[in-house]
Amino acid sequence: MNKFINVGFGNVVNASKIIGIISPDAAPIKRMVQAAKDAGMAIDATCGRKTKAVIVTESGHLVLSALLPETIASRVNQREGLDN
């Protein structure tokens with residue numbers, strides 16, 4: 001069964017497809033985001049706000065979120081904890 005995590009502003013991501021949640025501040029991550037945008041592999045879920053987290057998925061897509069990585073990670077962990 002798919003478990004969806006809210007990544008801000010009513011946008012959701014399938015939690016089982018998340019590989020990593022990273023901060024966009026480092027230069028290599030900024031280059032990775034720009035490459036994904038150029039390739040059409042970036043999904044902007046910020047609703048015009050500043051990107052504070054980049055979610056990497058199994059398919060190679062990057063989801064840009066205005067929530068902090070810690071917030072998203074805690075939501076993923078809470079969801080996993082409910083099923084145990």
Checklist outcome for this item: Conditions (1) modelled with pLDDT of 95 or more; (2) open to solvent by 20 Å² or more (accessible area, probe 1.4 Å) -> Arg79 fails only (1)
Item to check | Residues located in the range 53-84, provided they are in a loop (DSSP other than H, G, I, E, B) and under 16 Å from Lys3 (Cα atoms) | outcome: Glu58, Asp83, Asn84
Next on the checklist: Looking at Asn6, Asn77, Asn2 in this structure, which one is polar (S, T, N, Q) and within 10 Å of the chain's Cα centre (by Cα)?
Outcome noted: Asn6
Next on the checklist: Restricting to the range 58-84, name every residue that is of a type in the set (S, T, N, Q), more than 15 Å from Asn11 (Cα to Cα) and in contact (Cβ under 8 Å) with a residue 40 or more places away in the chain.
Outcome noted: Ser59
Next on the checklist: Quick test for you: out of Lys50, Lys30, Lys37, pick the one residue that is at pLDDT 95 or above, basic (Lys, Arg) and in a loop (DSSP other than H, G, I, E, B).
Outcome noted: Lys50
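Would you confirm, using the coordinates I've provided, whether Val12 is free of Cβ contacts under 8 Å to residues at least 12 places away in the same chain and not in a loop (DSSP other than H, G, I, E, B)?
Against the criterion (free of Cβ contacts under 8 Å to residues at least 12 places away in the same chain and not in a loop (DSSP other than H, G, I, E, B)), Val12 qualifies.
Listed here are the residues, each with its yes/no results for (1) surrounded by 14 or more Cβ atoms within 10 Å (Cβ to Cβ); (2) closer than 16 Å to Gly20 by Cβ.
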site	(1), (2)
Met32	yes, yes
Gly40	no, no
Asp44	yes, no
Gly48	no, no
Ile55	yes, yes
Leu62	yes, yes
Leu67	yes, yes
Ala73	yes, yes
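The values are calculated or read from the model by the stated rules, or taken from the named source; none is laboratory data. Everything quoted here is computed from the prediction, not taken from an experiment. Because the Cβ atoms are built from the backbone with ideal geometry, glycine has one as well, and the counts that use them run over all protein chains shown. These accessible areas exclude ligands, DNA and RNA; they are computed on the full protein's heavy atoms, side chains included. Shrake-Rupley method; radii C 1.70, N 1.55, O 1.52, S 1.80 Å.
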